[in-house]
Amino acid sequence: MNSLTTTTINKQKTKNSEPVSEISILVKLILEMKDEFTGSLANMDTKLDVITTVQQSLQQLTTDVAISKEEIETLKTGLSQTRQVAENTAEKLRNIQKQNDRIELELRKINLVISGIDDFRSQTSNKLTNAVENLLRTLAGREIKIEAVYRIGKYRDKYIRPVKINFKNISERNTIYECRLNTVYPIYINEDLQPSIQKAHRNLRRKSKE
């Protein structure tokens, strides 16, 4: 083969190899784009999974919030009902207390409290009753019918406990009460008042002295 022929063949080989090289590059480029696209799709799937999970969490949170609101409303209703029951009970107790106060007031109306009658540890119930009957007889000028006599409180040295007298009837009680100004110191006759009223009277007396 001569040199011209060889040169011609080489030129033909070069021309024939150029399309093959371009196709290889194009295929390589397509494969790279495919890999990149596949990777992008994988990332997109991951992101979609994350979004789906977030959406589910939000949905569950919304459900939980709705349930919580319902529970809160139920609790509010229960508390309101409990408060109403408590208020009704308190009102009933106040009414009962008022009734008890009225009953106690009526029971006390037939009593009197006498202060200043000698008090000593060995004093018996009979001796106390005799001392009270003698005092009442002196004040009224006649026998006064009584039901019971007893000291108020426990014995203390250098302290004279008051004596409560329960009369047979309101008439006998009023007879003695009308004579209360005829007593001699240290004897004092007072109504049998409820503790709250006694406290109010003490406060009034203290303020009047100021």
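The values are calculated or read from the model by the stated rules, or taken from the named source; none is laboratory data. Fair warning: this is a prediction, and the values are worked out from it, not measured in the lab. Neighbour counts run over all protein chains shown; Cβ positions are idealised from the backbone, glycine included.
Exactly one residue among Val85, Val113 is β-branched (Val, Ile, Thr) and touching a Pro at 6+ places or on another chain (Cβ under 6 Å), and that residue is Val113.
From the list Gln81, Gln97, the one residue that fits, being modelled with pLDDT of 80 or more, within 30 Å of Gln194 (Cα to Cα) and either in a helix (DSSP H, G or I) or assigned by TED's automatic domain parsing to the domain that holds Gln194 (or both), is Gln97. Of all the residues in the range 123-168, those that are among the hydroxyl-bearing types (Ser, Thr, Tyr) and either outside any helix (DSSP H, G or I) or outside the structural domain of Glu191 (by TED's automatic domain parsing) (or both) number 4. Among the residues of the range 86-120, not one is surrounded by fewer than 10 Cβ atoms within 10 Å (Cβ to Cβ) and farther than 23 Å from Tyr188 by Cα.
Please work out if Val163 is surrounded by 12 or more Cβ atoms within 10 Å (Cβ to Cβ) and out of contact with any Ser or Thr (no Cβ under 6 Å at 6 or more places or on another chain). Spell out how you get there, then give the answer.
Working: surrounded by 12 or more Cβ atoms within 10 Å (Cβ to Cβ): yes; out of contact with any Ser or Thr (no Cβ under 6 Å at 6 or more places or on another chain): yes.
Spelling it out, Val163 is indeed surrounded by 12 or more Cβ atoms within 10 Å (Cβ to Cβ) and out of contact with any Ser or Thr (no Cβ under 6 Å at 6 or more places or on another chain).
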